[in-house]
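The values are calculated or read from the model by the stated rules, or taken from the named source; none is laboratory data. Computed from a prediction, not measured in an experiment: that's the story for all the values here. Virtual Cβ from ideal backbone geometry, glycine too; neighbours counted across all protein chains shown. Only protein heavy atoms, including side chains, enter the accessible area calculation; ligands, DNA and RNA are left aside. Shrake-Rupley method; radii C 1.70, N 1.55, O 1.52, S 1.80 Å.
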Amino acid sequence: MDENIKFDLNAIEQTLANYKKNSIYEGVVVAIRDDGVIFNIGGKSDAFIRRDDFSNYEEVKIGDRFKALVLGTKTEEGMIEVSKAEAEELIQGSIKADALKVGSTFTFFVSGYNEAGLTSKLGEYKLFIPKDQVDAKVNHLGYYKNKQLEAIVLEKNNETKNIIASVKLLKEQIKENAETLFWSAAFNGKKVSGKIVKIMPYGAFVDLDGIDAFVHISDLSYRRIKSPEEVITLGETYEFRIVKLDKDNKKVSVGLKQNNEDPRIAAIKSLKLSEVYEGEVIKILAFGAIIQLENGAEGLLHVSDATEKNDRRIYEIVKLGDKVKVGVKSVSDDNTRVNFRLF
């Protein structure tokens, strides 16, 4: 060894990088192993990145350069553990936070909480949601740990890297916008999705994504039912039709049966003027009888269409429960009424 060459170990130590936990450094892949890569970021100790830190480990090559985050731990071999994935997440979070302004909305994962509110990080920024800006419906803030929430920026300090935001205010704004949109776009017959939140003997209250509505028992089914529970279940979501609107007073009624055609109308629609049908007398009136056909269609057999004699009563011609043969005389334009003639 050339005796003129002297090593100043103190100088060398001073040039070594002073790696800090949660700091990002750029480096290069110098070796690839089965369990991960050796990553050089300068200094006397190489760093190590675990194999599962990469989404495409098979594509990693010696010489690849990228940034990694110091995790603050060391392997059994004395190498500093760093993470490429966490560095990318931190960088992207900082980019996202830098772009935020007061009034901006964003999503985040809750990482912690205390008596004052929720805490998290968005890149290099510390995020805080005051307790009164979370949600009055939840008593314990621990409920939100590791959950993803959406918030609106109330305050932002670029120097201290602090953001104060509100989940509650954003929810209120979203609800207000949704209500405005609902009432401006609502019309009778429109299909809407709603959740049953309370059942009463005469109907049920429905939540139309924040809009309160009511469905009367008579609008649940075309058949006669004694209780709404015969058709609907508390907590379930159904597709309804708007049947009545009062935009001035913000009231809306919906119906479930309106999603399908009235079976009685469908039965009348299927009738043909040229056909003869068999039916049963189900009701006697002063001026005629109500006939029900096998397909469910019901109509009037007027006494004048049952006999040519003007002095006869309908009960002299047919009786309750009689089986009769009838033809279709006329059908109303809306297919709700049909008149028969006796054969």
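Here are some notes:
- Lone qualifier among 28, 70 - being more than 30 Å from residue 165 (Cα to Cα) and either among the β-branched types (Val, Ile, Thr) or not in a strand (DSSP E or B) (or both): 28
- Residue within the stretch 101-117 that is polar (S, T, N, Q), farther than 30 Å from residue 248 by Cβ and open to solvent by 90 Å² or more (accessible area, probe 1.4 Å) present: no
- Top-ranked residue of the stretch 318-338 - restricted to ones that are surrounded by 12 or more Cβ atoms within 10 Å (Cβ to Cβ) and touching a helix residue (DSSP H, G or I) at 6+ places or on another chain (Cβ under 7 Å), ranked as farthest from residue 274 (Cα to Cα): 335
- Cβ pairs under 7 Å, 6+ apart, first in the stretch 155-180 and within 24 Å of residue 245 (Cα to Cα), second loosely packed, with under 14 Cβ neighbours inside 10 Å: 175/210; 178/209; 178/210; 179/210
- Just one of (1) polar (S, T, N, Q); (2) more than 30 Å from residue 330 (Cα to Cα); (3) outside any helix (DSSP H, G or I) fails for residue 180. It is (3).
- In the stretch 61-79, the residue that is nearest to the chain's Cα centre (by Cα) out of those that are β-branched (Val, Ile, Thr) and open to solvent by 20 Å² or more (accessible area, probe 1.4 Å) is 73.
- Considering the conditions (1) closer than 20 Å to residue 188 by Cα; (2) more than 40 Å from the chain's Cα centre (by Cα), residue 281 is excluded by exactly one of them, (1).
- The residues of the stretch 317-343 that are of a type outside the set (Gly, Ala, Ser) and either assigned to a strand (DSSP E or B) or touching a Cys at 6+ places or on another chain (Cβ under 6 Å) (or both), listed by number, are 323, 324, 325, 326, 328, 329, 331, 338, 339, 340, 341, 342.
- Counting only strands (runs of 3 or more DSSP E) that sit completely within the stretch 80-155, those holding 1 or more residues that are among the polar types (S, T, N, Q) correspond to 80-83, 105-109, 117-122.
- Residues satisfying the stated conditions in the stretch 188-210, i.e. within 18 Å of residue 250 (Cα to Cα) and buried (at least 18 other Cβ atoms within 10 Å of the Cβ): 192, 194, 204, 206, 208
- Criterion applied to 134, 138 was being at pLDDT below 90, of a type in the set (A, V, I, L, M, F, W, C) and open to solvent by less than 90 Å² (accessible area, probe 1.4 Å), and the one residue passing it is 138.
- Cross-chain or 6+ apart pairs with Cβ under 8 Å, the stretch 204-223 first and assigned to a helix (DSSP H, G or I), then surrounded by fewer than 15 Cβ atoms within 10 Å (Cβ to Cβ): 217/201; 217/202; 217/225; 217/227
- Residue in the stretch 45-55 that is under 16 Å from residue 85 (Cα atoms), free of Cβ contacts under 8 Å to residues at least 40 places away in the same chain, among the polar types (S, T, N, Q) and in a loop (DSSP other than H, G, I, E, B) present: yes
- Those residues of the stretch 239-289 which are without any contact (Cβ under 8 Å) to a residue 40 or more places away in the chain and open to solvent by less than 80 Å² (accessible area, probe 1.4 Å), in sequence order: 246, 257, 266, 267, 270, 282, 284, 285, 288, 289
- Which numbered condition residue 92 fails, given (1) over 16 Å from residue 165 (Cβ atoms); (2) modelled with pLDDT of 90 or more: (2)
- The lone exception for residue 169 - which of (1) under 27 Å from residue 137 (Cβ atoms); (2) of a type outside the set (Lys, Arg); (3) open to solvent by 60 Å² or more (accessible area, probe 1.4 Å) it fails: (3)
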